[in-house]
1. Under the definition of Cα pairs under 8 Å and six or more residues apart, what whole-number percent is the relative contact order of the chain?
2. With all protein chains present, how much of the accessible area of segment 315-432 (probe radius 1.4 Å) comes from carbon and sulfur, to the nearest whole percent?
3. Among W427, W301, W313, what's the order by accessible area (1.4 angstrom probe), most exposed first?
4. Could you pull out the pairs from K171/K192; K18/K87; K16/K127; K18/K335 whose alpha carbons sit more than 22 Å apart here?
5. Roughly speaking, what is the stretch gain from L186 to K396, that is 0.36 nm per residue apart minus the C-alpha to C-alpha distance, in nm to one decimal?
6. Sketch the reach of a paramagnetic label on D152 as a point 7 Å from Cα along Cα-to-Cβ, and name the residues of segment 168-184 whose backbone nitrogen lies under 16 Å away.
7. Heavy-atom accessible area per residue, segment 106-203, 1.4 Å probe: how many Å²?
8. What's the FRET efficiency of E199 with K121 using the Cβ-Cβ distance as r and R₀ = 30 Å, to the nearest 0.05?
Amino acid sequence: MSGIIVIGSQWGDEGKGKAVDVFSAEADYVIRYQGGANAGHTLNIGNQKKILHLIPSGIFHSNTTCIISAGVVLDIETLVSEIQAIKQSGDYLNKPSKLLISDSATVLLSYHRVLDQAREKAVNGVKIGTTGKGIGPAYEDRASRKALLFGDLFTDKETLKNKLEKSLSEKNFLIEKFYKQTPVSLENILNKVLSLREELKFYRCHDTSSVIYKALKENKKVLFEGAQGSLLDLLHGTYPYVTSSSTLSGSALVGSGIGPGFIKKVIAITKAYTTRVGGGPFLTECTGEEGELLQKTGEEWGATTGRMRRCGWLDLPALKYSARINGITHLALMKLDVLSYLKEIPVCVAYTLKGKTIYDYPVYSSELSEFKPVYTVLPGWQEEISSMKKFEELPKKAQDYIRLIQKELDIPVEVVSVGPTREATIWRRNLF
Ligand code: GDP
Ligand code: IMO
Ligand code: MG
């Protein structure tokens, strides 16, 4: 068993990019298996900051093969820009075999984005606060069997045009007649696709599931890189304020086309506090000055949209829920350094509703927003920790914070991140 699934355990932006980059030093394969360019994964390589939306966060290591598997909705314009930026920044994509893209991945085009944004702007619609990247409409196409797949891009021009036309005609009807916006031109899309496929043809892989299967059979080290966070899961998140894919560990199997027997660990990337972008319930949210200070100290604005992230305290019942639905075996606790300025750190351990104490995260409750958090308050350590290399070096109060999380969740914290760089990482045991 040499597969490790890495997921976000909260509402996204937990630090998956940094964690996967650090973990990739030991990996042979890194796989993105769901979501699309709604993801923004930030890596700090030397003094350079890199933001990846679609390419797996293992790309900056010479030892890894990166795979985009069938479960991803692939914005091919963003992908080509990302490929070009990586090529320009160094020798990282020096051979096409470094990046394999599944023929079965769903292609996302401009009309998906137009539709997503039109819906968000519509006066009577529910405002989810999506990233506007076309994720919902692209997954709808897949489910209704109208999607263009990555492999379809490489058919002859006439067949491609017909497929595009089929997919586009319904969208244009909605865009024009329902949302009163300018329809998308088939000719423009076709020309765009024809030019983009010239760059993308080198990375085409007929069956990435078979590549991953063989790697796992040979005991190669395989990382599955989740996008978004567990509470944004389409079925088990805070619906309707969720994304359109499954963000749970099980999605790594389905999205990549492999069975569960190869999985050794499920590592939850967990921020030491909580953030959320877009609409939806957030029980431990801090508003006012307290929230602004956390936002400023944590530099909490989006890597994809630049929006400010809502900030609040760690929510242990929400994390317990996440642990249950993912089968989390280990935690990587991120951004612990951000809390160093605090004299006292509240941690939510339960909620109250109409005078009753509740210990489970009420994900399906229609009264969710009425639940009030119950906090236990821990003393802060008020000491700079970013250069610390060992758990034992951390101030005792920071260790206690970590121990509380471990105890409440009954899951070991394997990695502690104390800064955005690769070096600011404390390991407590080996990864694979
Ligand atoms: P992702 O979507 O889960 O990959 O997370 P993002 O990249 O969107 O957001 C995480 C942000 O926190 C990025 O700006 C990272 O560079 C930064 N970051 C990651 N780990 C740490 C850490 O331990 N400390 C601090 N201060 N920043 C971190
Ligand atoms: P990473 O991988 C944080 C949120 C959006 C919105 C909801 C639906 O960087 O952690 P969508 O565009 O997916 O239809 O938006 O999901 N969202 C994210 N929030 N991090 C992300 O990705 C997100 N991807 C989507 O803000 O609330
Ligand atoms: Mg992000």
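1. Details: 958 pairs, mean separation 86.8, N = 432.
Relative contact order here is 20 percent.
2. On the way: 2870 of 5680 Å².
Carbon with sulfur: 51 percent of the solvent-accessible area.
3. On the way: W427 90, W301 115, W313 10 Å².
The ordering from most to least exposed comes out as W301, W427, W313.
4. Working: K171/K192 18 Å; K18/K87 20 Å; K16/K127 26 Å; K18/K335 11 Å.
Violating the 22 Å limit, Cα to Cα: K16/K127.
5. Numbers: separation 210, 0.36 × 210 = 75.60 nm, distance 6.24 nm.
In short, 69.4 nm is gained.
6. In segment 168-184, the label zone of D152 (backbone N under 16 Å from the point 7 Å along Cα→Cβ) covers 168-172.
7. Details: 5110 Å² over 98 residues.
Value returned for segment 106-203: 52 Å² of accessible area per residue.
8. Details: r = 32 Å, r/R0 = 1.06.
It comes out at approximately 0.40.
The values are calculated or read from the model by the stated rules, or taken from the named source; none is laboratory data. The model shown is predicted, which means the values in this text are computed figures rather than measured ones. Heads up, the Cβs are rebuilt from the backbone with ideal geometry, glycines too, and the neighbour counts pull from every protein chain shown. Accessible surface is based on the protein model in full, side chains and every heavy atom, while ligands, DNA and RNA are left aside. Shrake-Rupley method; radii C 1.70, N 1.55, O 1.52, S 1.80 Å.
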